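The values are calculated or read from the model by the stated rules, or taken from the named source; none is laboratory data. Every value quoted in this text rests on a predicted model; they were computed, and no experiment measured them. Note that each Cβ is placed from the backbone with ideal geometry, even for glycine, and that neighbours are counted across all protein chains shown. Areas reflect the complete protein model, heavy atoms only, side chains present, ligands, DNA and RNA absent. Shrake-Rupley method; radii C 1.70, N 1.55, O 1.52, S 1.80 Å.
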Amino acid sequence: MSDIIAATKQLVEHVNNGDLMTALEFFETDLLPYHAKTKSSGDPQLHELIDKLDNTVENEDWNESLEIVDQIGEYINGQ
């Protein structure tokens, strides 16, 4: 399992546990910087989902952000 998959699983776990502030902090301080250093060629679909999540978080569209986290969860569980 790649580090990005492990990090996204942690993000999904925080959201599923209802710990949204921890999820936001984890996304911004841990997952997003790591994601910025990786190339999309490794897993383009996951890369795109994280880019979408970054955009919705930046725009403070929290409902859409939660929907994207659900999509990420479904995607990584299908791996």
With every protein chain in place, the chain: carbon and sulfur % of accessible area (1.4 Å): 45 percent
Hits among lysines - C-alpha to C-alpha of LYS9 under 17 Å, sequence gap 8 or more where chains match: LYS52
Per-residue ellipticity at 222 nm for the chain, helices alone: DSSP H runs ≥ 4 residues times -39500 (n - 2.57), over residue total, nearest 500 deg cm²/dmol? -22500 deg cm²/dmol
The chain: GluC sites (Glu not before Pro) in DSSP coil with no more than 11 other Cβ atoms inside 10 Å: GLU60
State to the nearest 20 debye the size of the charge dipole of the range 18-66 about its Cα centre, where the only charges are +1 on K and R beta carbons and -1 on D and E beta carbons. 280 debye
Between MET21 and TYR34, what length comes free when the chain is fully extended (0.36 nm per residue of separation minus the Cα-Cα distance, one decimal in nm)? 2.8 nm
Express the accessible area of the chain per residue in Å², computed with a 1.4 Å probe while the remaining protein chains stay in the model. 64 Å²
So what does ASP61 come to for accessible area, using a 1.4 Å probe and Å² rounded to 10? 70 Å²
Please identify the trypsin sites (Lys or Arg not before Pro) of the chain that satisfy two criteria: DSSP loop assignment and at most 10 other Cβ atoms within 10 Å. Which are they? LYS39
Whole-percent pair-distance distribution, where bins are 10 Å wide, for the alpha carbons of the chain: 19, 62, 19, 0
When only C-alpha pairs under 8 Å and at least 6 residues apart count, what is the relative contact order of the chain, in percent? 36 percent
